[in-house]
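Notes follow the structure.
The values are calculated or read from the model by the stated rules, or taken from the named source; none is laboratory data. None of the values given here were measured: they were computed from a predicted structure. Backbone-built Cβ (ideal geometry, glycine too); neighbour counts: all protein chains shown.
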Amino acid sequence: MQIHLDLARTPFNLDHTLFCGQTFRWEKRANGWIGVVNQTAVKIRQKNGTIAFKASSKNISADFLWQYLRLDDDLLGVYSQIEKDKYVSEAITKLRGLRIIRQEPWECLISYICATNKNIPAIKLMISNLCRQFGYAIKFQGEDFYTFPSAESLAKAHLTELRLCKLGYRAERVLKTAKLVCNSQFDLEALKGMPYERAKKELLTLPGVGPKVADCILLFSLGKLEAFPIDVWMRRLILEYYLQHFEPKFVKKMKTKKGLSPREYEIIYTFGRKYFGDYLGYAQEYLYHYRRCQA
(Lines give C-alpha, C1' and ligand atoms only; values in the text may rest on other atoms or scores of the structure.)
Protein backbone atom coordinates (compact mmCIF):
# COMPACT_ATOMS: atom_id res chain seq x y z
CA MET A 1 0.00 0.00 0.00
CA GLN A 2 1.14 3.53 -0.68
CA ILE A 3 0.58 7.18 0.18
CA HIS A 4 1.55 9.77 -2.42
CA LEU A 5 2.56 13.27 -1.33
CA ASP A 6 3.34 16.53 -3.05
CA LEU A 7 6.36 17.38 -0.91
CA ALA A 8 6.28 21.03 -1.97
CA ARG A 9 2.88 21.36 -0.27
CA THR A 10 3.12 18.57 2.31
CA PRO A 11 6.73 18.31 3.48
CA PHE A 12 7.51 14.96 5.09
CA ASN A 13 10.69 13.14 6.03
CA LEU A 14 10.22 9.68 7.52
CA ASP A 15 13.78 9.39 8.86
CA HIS A 16 13.67 12.71 10.71
CA THR A 17 10.21 11.92 12.08
CA LEU A 18 11.05 8.48 13.48
CA PHE A 19 14.63 9.22 14.56
CA CYS A 20 14.04 12.43 16.53
CA GLY A 21 13.43 10.74 19.89
CA GLN A 22 9.67 11.22 20.21
CA THR A 23 8.80 7.51 19.92
CA PHE A 24 10.64 4.36 20.97
CA ARG A 25 9.25 1.38 19.05
CA TRP A 26 10.61 1.98 15.57
CA GLU A 27 13.82 0.41 14.27
CA LYS A 28 15.77 1.66 11.27
CA ARG A 29 16.43 -0.97 8.61
CA ALA A 30 18.41 -0.73 5.37
CA ASN A 31 15.22 -0.43 3.32
CA GLY A 32 13.09 1.60 5.73
CA TRP A 33 11.67 1.34 9.25
CA ILE A 34 9.85 -1.41 11.12
CA GLY A 35 7.81 -1.10 14.28
CA VAL A 36 4.59 -1.89 16.10
CA VAL A 37 1.67 0.55 15.91
CA ASN A 38 -1.98 0.01 16.82
CA GLN A 39 -1.14 -3.56 17.93
CA THR A 40 0.17 -4.24 14.42
CA ALA A 41 3.68 -4.80 13.03
CA VAL A 42 4.40 -2.29 10.26
CA LYS A 43 7.17 -1.92 7.71
CA ILE A 44 7.39 1.50 6.11
CA ARG A 45 9.72 3.32 3.76
CA GLN A 46 9.82 6.57 1.84
CA LYS A 47 11.15 7.34 -1.61
CA ASN A 48 10.70 10.99 -2.47
CA GLY A 49 6.94 11.67 -2.21
CA THR A 50 5.88 8.02 -1.99
CA ILE A 51 5.38 6.28 1.36
CA ALA A 52 5.09 2.52 0.94
CA PHE A 53 4.02 0.26 3.79
CA LYS A 54 3.08 -3.30 4.70
CA ALA A 55 1.37 -4.43 7.89
CA SER A 56 0.62 -7.64 9.75
CA SER A 57 -3.12 -6.89 9.86
CA LYS A 58 -5.76 -4.62 8.37
CA ASN A 59 -5.56 -2.36 11.45
CA ILE A 60 -3.13 -0.18 9.48
CA SER A 61 -4.48 1.65 6.45
CA ALA A 62 -3.40 4.69 4.47
CA ASP A 63 -5.97 6.76 6.39
CA PHE A 64 -4.61 5.54 9.73
CA LEU A 65 -1.01 6.38 8.79
CA TRP A 66 -2.09 9.78 7.46
CA GLN A 67 -3.42 10.55 10.94
CA TYR A 68 -0.61 8.81 12.84
CA LEU A 69 2.11 10.71 10.95
CA ARG A 70 0.14 13.96 11.23
CA LEU A 71 0.22 14.49 7.50
CA ASP A 72 -2.87 16.64 8.01
CA ASP A 73 -0.78 19.28 9.84
CA ASP A 74 -0.16 22.39 7.75
CA LEU A 75 3.60 22.18 8.19
CA LEU A 76 4.26 25.18 5.95
CA GLY A 77 1.96 27.19 8.19
CA VAL A 78 3.76 25.87 11.26
CA TYR A 79 7.11 26.95 9.79
CA SER A 80 5.81 30.45 9.09
CA GLN A 81 4.83 30.85 12.75
CA ILE A 82 7.84 29.33 14.53
CA GLU A 83 10.65 30.57 12.25
CA LYS A 84 11.49 33.52 14.51
CA ASP A 85 15.29 33.42 14.40
CA LYS A 86 18.33 31.87 12.74
CA TYR A 87 18.37 28.89 15.11
CA VAL A 88 14.90 27.69 14.14
CA SER A 89 15.57 28.57 10.51
CA GLU A 90 18.68 26.37 10.49
CA ALA A 91 16.76 23.54 12.20
CA ILE A 92 13.94 23.72 9.65
CA THR A 93 16.42 23.71 6.75
CA LYS A 94 18.22 20.68 8.16
CA LEU A 95 15.16 18.74 9.34
CA ARG A 96 12.50 19.79 6.84
CA GLY A 97 9.59 17.35 6.89
CA LEU A 98 9.95 16.26 10.53
CA ARG A 99 6.46 15.80 11.93
CA ILE A 100 5.20 15.20 15.44
CA ILE A 101 3.30 11.92 15.35
CA ARG A 102 0.05 10.97 17.10
CA GLN A 103 1.00 8.16 19.45
CA GLU A 104 -1.50 6.03 21.32
CA PRO A 105 -1.93 7.81 24.70
CA TRP A 106 -1.59 4.76 26.97
CA GLU A 107 1.64 3.60 25.31
CA CYS A 108 3.00 7.15 25.32
CA LEU A 109 2.18 7.60 29.02
CA ILE A 110 3.98 4.45 30.16
CA SER A 111 6.88 5.03 27.76
CA TYR A 112 7.60 8.46 29.16
CA ILE A 113 7.25 7.34 32.77
CA CYS A 114 9.95 4.81 31.88
CA ALA A 115 11.99 7.52 30.13
CA THR A 116 12.72 9.45 33.33
CA ASN A 117 16.49 9.91 33.74
CA LYS A 118 17.32 7.43 30.97
CA ASN A 119 18.84 7.70 27.50
CA ILE A 120 17.03 6.49 24.39
CA PRO A 121 18.73 3.05 24.10
CA ALA A 122 17.87 2.29 27.74
CA ILE A 123 14.27 3.45 27.26
CA LYS A 124 13.89 1.24 24.19
CA LEU A 125 15.24 -1.74 26.12
CA MET A 126 12.77 -1.24 28.99
CA ILE A 127 9.83 -0.93 26.61
CA SER A 128 10.96 -3.94 24.59
CA ASN A 129 11.18 -5.98 27.81
CA LEU A 130 7.69 -4.87 28.88
CA CYS A 131 6.24 -5.83 25.51
CA ARG A 132 7.89 -9.24 25.47
CA GLN A 133 6.78 -9.98 29.03
CA PHE A 134 3.27 -8.56 29.05
CA GLY A 135 2.24 -8.06 25.40
CA TYR A 136 1.41 -10.77 22.87
CA ALA A 137 3.47 -11.98 19.94
CA ILE A 138 2.93 -10.99 16.31
CA LYS A 139 4.45 -12.93 13.43
CA PHE A 140 5.41 -10.69 10.53
CA GLN A 141 7.70 -11.46 7.61
CA GLY A 142 9.46 -14.22 9.53
CA GLU A 143 10.10 -12.16 12.69
CA ASP A 144 8.50 -11.98 16.13
CA PHE A 145 7.13 -8.64 17.31
CA TYR A 146 5.17 -7.82 20.44
CA THR A 147 2.22 -5.59 21.18
CA PHE A 148 2.36 -2.93 23.86
CA PRO A 149 0.84 -4.33 27.08
CA SER A 150 -2.64 -3.18 28.06
CA ALA A 151 -3.39 -1.36 31.30
CA GLU A 152 -5.12 -4.54 32.53
CA SER A 153 -2.01 -6.63 31.86
CA LEU A 154 0.33 -4.25 33.69
CA ALA A 155 -2.12 -3.72 36.56
CA LYS A 156 -1.98 -7.47 37.28
CA ALA A 157 1.82 -7.59 37.21
CA HIS A 158 3.99 -8.03 40.27
CA LEU A 159 6.67 -5.47 41.08
CA THR A 160 9.30 -8.18 40.78
CA GLU A 161 8.22 -8.92 37.21
CA LEU A 162 8.35 -5.24 36.29
CA ARG A 163 11.77 -4.81 37.85
CA LEU A 164 13.04 -7.75 35.82
CA CYS A 165 12.21 -5.60 32.78
CA LYS A 166 14.96 -3.20 33.96
CA LEU A 167 12.49 -0.54 35.12
CA GLY A 168 14.17 0.03 38.50
CA TYR A 169 12.28 2.55 40.67
CA ARG A 170 9.96 3.22 37.71
CA ALA A 171 8.33 -0.19 38.23
CA GLU A 172 6.21 1.01 41.16
CA ARG A 173 5.12 4.10 39.22
CA VAL A 174 4.12 2.02 36.19
CA LEU A 175 2.14 -0.40 38.37
CA LYS A 176 0.28 2.36 40.24
CA THR A 177 -0.53 4.19 37.03
CA ALA A 178 -1.76 1.00 35.34
CA LYS A 179 -4.10 0.30 38.25
CA LEU A 180 -5.52 3.83 38.13
CA VAL A 181 -6.22 3.57 34.39
CA CYS A 182 -7.46 -0.02 34.59
CA ASN A 183 -9.88 0.84 37.43
CA SER A 184 -11.24 3.85 35.50
CA GLN A 185 -9.82 6.25 38.10
CA PHE A 186 -8.00 8.12 35.35
CA ASP A 187 -9.41 8.76 31.86
CA LEU A 188 -6.62 9.39 29.35
CA GLU A 189 -8.94 9.87 26.40
CA ALA A 190 -10.84 12.62 28.21
CA LEU A 191 -7.68 14.73 28.25
CA LYS A 192 -7.91 15.24 24.49
CA GLY A 193 -10.95 17.47 24.93
CA MET A 194 -9.48 19.53 27.76
CA PRO A 195 -7.51 22.77 27.42
CA TYR A 196 -3.74 22.29 27.68
CA GLU A 197 -3.45 23.69 31.21
CA ARG A 198 -6.21 21.50 32.65
CA ALA A 199 -5.00 18.36 30.89
CA LYS A 200 -1.49 18.94 32.22
CA LYS A 201 -2.81 19.44 35.74
CA GLU A 202 -4.61 16.10 35.52
CA LEU A 203 -1.52 14.28 34.26
CA LEU A 204 0.59 15.69 37.09
CA THR A 205 -1.54 13.71 39.57
CA LEU A 206 -0.16 10.43 38.21
CA PRO A 207 2.84 8.67 39.80
CA GLY A 208 6.09 9.49 38.02
CA VAL A 209 4.61 12.30 35.92
CA GLY A 210 6.35 15.65 36.35
CA PRO A 211 6.11 18.73 34.10
CA LYS A 212 8.46 17.41 31.40
CA VAL A 213 6.85 13.95 31.21
CA ALA A 214 3.39 15.54 31.16
CA ASP A 215 4.38 17.83 28.28
CA CYS A 216 5.76 14.88 26.31
CA ILE A 217 2.48 12.99 26.68
CA LEU A 218 0.44 16.08 25.81
CA LEU A 219 2.53 16.84 22.74
CA PHE A 220 3.14 13.38 21.33
CA SER A 221 -0.23 11.70 21.97
CA LEU A 222 -2.92 14.16 23.02
CA GLY A 223 -2.72 16.75 20.27
CA LYS A 224 -1.55 19.65 22.45
CA LEU A 225 0.91 21.34 20.10
CA GLU A 226 1.41 24.13 22.63
CA ALA A 227 3.18 21.70 25.00
CA PHE A 228 6.90 22.35 25.49
CA PRO A 229 8.93 19.49 27.05
CA ILE A 230 11.99 20.97 28.77
CA ASP A 231 14.78 18.49 29.49
CA VAL A 232 18.53 18.94 29.95
CA TRP A 233 19.04 19.51 26.22
CA MET A 234 16.31 22.13 25.97
CA ARG A 235 17.33 23.98 29.10
CA ARG A 236 20.90 24.21 27.85
CA LEU A 237 19.70 25.33 24.42
CA ILE A 238 17.31 27.96 25.80
CA LEU A 239 19.99 29.46 28.06
CA GLU A 240 22.45 29.55 25.18
CA TYR A 241 20.22 30.87 22.39
CA TYR A 242 17.58 32.91 24.23
CA LEU A 243 19.13 34.07 27.51
CA GLN A 244 18.41 37.73 26.66
CA HIS A 245 14.72 36.98 27.26
CA PHE A 246 15.29 36.16 30.93
CA GLU A 247 16.36 38.08 34.01
CA PRO A 248 20.13 37.87 34.63
CA LYS A 249 19.52 36.43 38.12
CA PHE A 250 17.40 33.64 36.64
CA VAL A 251 20.02 32.80 33.99
CA LYS A 252 22.79 32.72 36.59
CA LYS A 253 20.76 30.42 38.83
CA MET A 254 19.90 28.07 35.98
CA LYS A 255 23.55 27.75 35.02
CA THR A 256 24.55 26.64 38.51
CA LYS A 257 21.92 23.95 39.16
CA LYS A 258 20.91 20.68 37.53
CA GLY A 259 17.15 20.40 37.75
CA LEU A 260 14.20 22.75 37.35
CA SER A 261 11.61 23.55 39.99
CA PRO A 262 7.99 23.69 38.78
CA ARG A 263 8.19 27.50 38.96
CA GLU A 264 11.41 27.62 36.91
CA TYR A 265 9.92 25.23 34.37
CA GLU A 266 6.90 27.51 34.08
CA ILE A 267 9.07 30.58 33.50
CA ILE A 268 10.80 28.91 30.55
CA TYR A 269 7.48 27.59 29.23
CA THR A 270 5.91 31.06 29.40
CA PHE A 271 8.77 32.48 27.35
CA GLY A 272 8.37 29.73 24.74
CA ARG A 273 4.61 30.19 24.43
CA LYS A 274 4.91 33.96 23.96
CA TYR A 275 7.85 33.68 21.55
CA PHE A 276 6.80 30.75 19.35
CA GLY A 277 3.01 30.81 19.68
CA ASP A 278 0.54 27.95 19.35
CA TYR A 279 3.00 25.59 17.62
CA LEU A 280 5.53 25.77 20.42
CA GLY A 281 5.76 21.96 20.45
CA TYR A 282 7.00 21.90 16.87
CA ALA A 283 9.62 24.55 17.66
CA GLN A 284 10.78 22.42 20.58
CA GLU A 285 11.14 19.24 18.54
CA TYR A 286 13.04 20.93 15.72
CA LEU A 287 15.43 22.72 18.09
CA TYR A 288 15.84 19.63 20.28
CA HIS A 289 16.66 17.23 17.44
CA TYR A 290 18.83 19.73 15.60
CA ARG A 291 20.91 20.22 18.74
CA ARG A 292 21.20 16.46 19.28
CA CYS A 293 22.40 16.02 15.69
CA GLN A 294 25.16 18.52 16.33
CA ALA A 295 26.39 16.84 19.52
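Counting only residues that are within 23 Å of residue 219 (Cβ to Cβ) and charged (D, E, K, R), give me the strands (runs of 3 or more DSSP E) lying completely in segment 15-61 with at least 2 of them. Strands (runs of 3 or more DSSP E) meeting the threshold: 26-29. Can you tell me which residues in segment 42-70 are crowded, with 17+ Cβ neighbours inside 10 Å, closer than 20 Å to residue 16 by Cα and touching a residue at least 40 places away in the same chain (Cβ under 8 Å)? Scanning segment 42-70 gives 43, 51, 53, 65, 69. Take the conditions (1) of a type in the set (Val, Ile, Thr); (2) in a helix (DSSP H, G or I); (3) assigned by TED's automatic domain parsing to the domain that holds residue 173; residue 209 misses just one of them, which is (2). Picking from residues in segment 143-189 that are under 19 Å from residue 218 (Cα atoms) and among the β-branched types (Val, Ile, Thr), the one that is surrounded by the most Cβ atoms within 10 Å (Cβ to Cβ) is 174. When segment 71-81 is filtered for residues that are touching a residue at least 24 places away in the same chain (Cβ under 8 Å) and not in a helix (DSSP H, G or I), the ones remaining, listed by number, are 71, 73. The single condition among (1) among the basic types (Lys, Arg); (2) outside any loop (DSSP other than H, G, I, E, B); (3) over 24 Å from the mean Cα position of the chain (by Cα) that residue 274 does not meet is (3).
Answer yes if at least one residue in segment 14-26 is among the charged types (D, E, K, R), crowded, with 17+ Cβ neighbours inside 10 Å and either within 17 Å of residue 140 (Cα to Cα) or within 20 Å of the chain's Cα centre (by Cα) (or both), and no otherwise. Within segment 14-26 (the criterion being among the charged types (D, E, K, R), crowded, with 17+ Cβ neighbours inside 10 Å and either within 17 Å of residue 140 (Cα to Cα) or within 20 Å of the chain's Cα centre (by Cα) (or both)), the answer is yes, since at least one residue qualifies.
Applying the set (1) more than 18 Å from the chain's Cα centre (by Cα); (2) under 15 Å from residue 92 (Cα atoms) to residue 42 leaves exactly one unmet item: (2).
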